Amino acid sequence: MKGPLTSVEPSGDWAPGLQKARLYDLILMDIILGHLAPLQVLEEKALAARYAGGVSGVREALGRLAIEGMVIRRPRVGTLVAPLDLGEIEHAFEVRRILEGRTAALAARNHRPEDLPAIVGAFDGAEAAIESGDFRAMLAMDHAFHRAVAFATHNPTLARFVIALQNTATRYWIWQMEKQSPADQMRDVVLHRALAEAIARRDPAAAEAACALLIGEPPSAQRG
């Protein structure tokens, strides 16, 4: 059965069982991980073969990624992976500081019991992933966590903005992670878990403070 009730979640996001949702997640992860390199031309048929999907699903996934700034479309060239622009990432960090703390506070205030498992359990298995250097697994955990927190606000408009910002910032986070020690990576997991605990106990002030620690310093501060 197809239609609005089966293709879109109550949050307004694509239902996860849709082919275009699966393709979107796979392409997004490969862009963030650098497997699809900055400025690489993305050919729809090649992507459909790579991810065992249909061309129409790839086209819809790329359209969403273009809206979110992860790919760019140029006349006579086609669709390209957006460059890893540290200036843009810097701007994303600034906006995240404004929005994500309040998002965490709203999630602490507004979450429903069914929202918590995805938040509290997002980093289950993180120790094993860090030990094996599995960046894709860590990215999947991070993506699932921030998506769950955003939608736990029950403000889908805010959630979509925050998730798009998070995707932009995560390209820098993955680049940094490759240079971090396992202890540094584990510290990041601990910060995520502290935020999850604050949300679970419905403590908006603690959630906002934990989120500020998690966002950390922008790229310019770390270069200095």
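The values are calculated or read from the model by the stated rules, or taken from the named source; none is laboratory data. Quantities reported herein were computed from a predicted structural model and do not represent experimental measurements. Reconstructed Cβ throughout: ideal geometry from the backbone, glycine too, with neighbour counts over all protein chains shown. Accessible surface is based on the protein model in full, side chains and every heavy atom, while ligands, DNA and RNA are left aside. Shrake-Rupley method; radii C 1.70, N 1.55, O 1.52, S 1.80 Å.
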- Message: If I filter region 172-211 down to residues being open to solvent by 40 Å² or more (accessible area, probe 1.4 Å) and closer than 25 Å to Pro38 by Cβ, which single residue comes out as nearest to the chain's Cα centre (by Cα)?
- Response: Trp173
- Query: at pLDDT 95 or above, of a type outside the set (Phe, Trp, Tyr), under 21 Å from the mean Cα position of the chain (by Cα) and not in a loop (DSSP other than H, G, I, E, B): does that describe Ala49?
  - Reply: no
- Pick out the one residue from Leu39, Leu84, Leu80 that is outside any helix (DSSP H, G or I), surrounded by fewer than 15 Cβ atoms within 10 Å (Cβ to Cβ) and in contact (Cβ under 8 Å) with a residue 24 or more places away in the chain. Leu39
- Item | Selection within region 88-117 - open to solvent by 100 Å² or more (accessible area, probe 1.4 Å) and either without any contact (Cβ under 8 Å) to a residue 24 or more places away in the chain or more than 17 Å from the chain's Cα centre (by Cα) (or both) | His91, Ile98, Arg102, Arg109, Arg112, Pro113, Glu114
- Heads up, the helices (runs of 4 or more DSSP H) in region 109-224 (entirely inside) with at least 2 residues that are at pLDDT 90 or above are 116-120, 126-132, 135-152, 156-177, 182-200, 204-215
- Note on the structure: All conditions in (1) touching a helix residue (DSSP H, G or I) at 6+ places or on another chain (Cβ under 8 Å); (2) farther than 18 Å from Lys20 by Cα are true of Arg74 except (1)
- Item | Enumeration of residues in region 62-93 that are farther than 18 Å from Ala37 by Cβ and among the hydrophobic types (A, V, I, L, M, F, W, C) | Ile67, Ala92, Phe93
- Note on the structure: If we keep only residues of region 57-77 that are in a strand (DSSP E or B) and of a type in the set (Val, Ile, Thr), then the residue least open to solvent (accessible area, probe 1.4 Å) is Val71
- Task: Within region 10-28, count every residue that is assigned to a helix (DSSP H, G or I), farther than 13 Å from Val71 by Cβ and either open to solvent by 30 Å² or more (accessible area, probe 1.4 Å) or among the aromatic types (Phe, Trp, Tyr) (or both).
- Result: 5
- Task: Return yes or no: is Ala37 more than 30 Å from Asp115 (Cβ to Cβ), of a type outside the set (S, T, N, Q) and modelled with pLDDT of 95 or more?
- Result: no
- Message: Going through Ala152, Ala137 one at a time, which residue ends up being more than 19 Å from Ala61 (Cβ to Cβ) and open to solvent by less than 10 Å² (accessible area, probe 1.4 Å)?
- Response: Ala152
- Message: The conditions are (1) more than 29 Å from Leu191 (Cα to Cα); (2) touching a His at 6+ places or on another chain (Cβ under 9 Å), and Gly57 fails exactly one of them. Which is it?
- Response: (2)
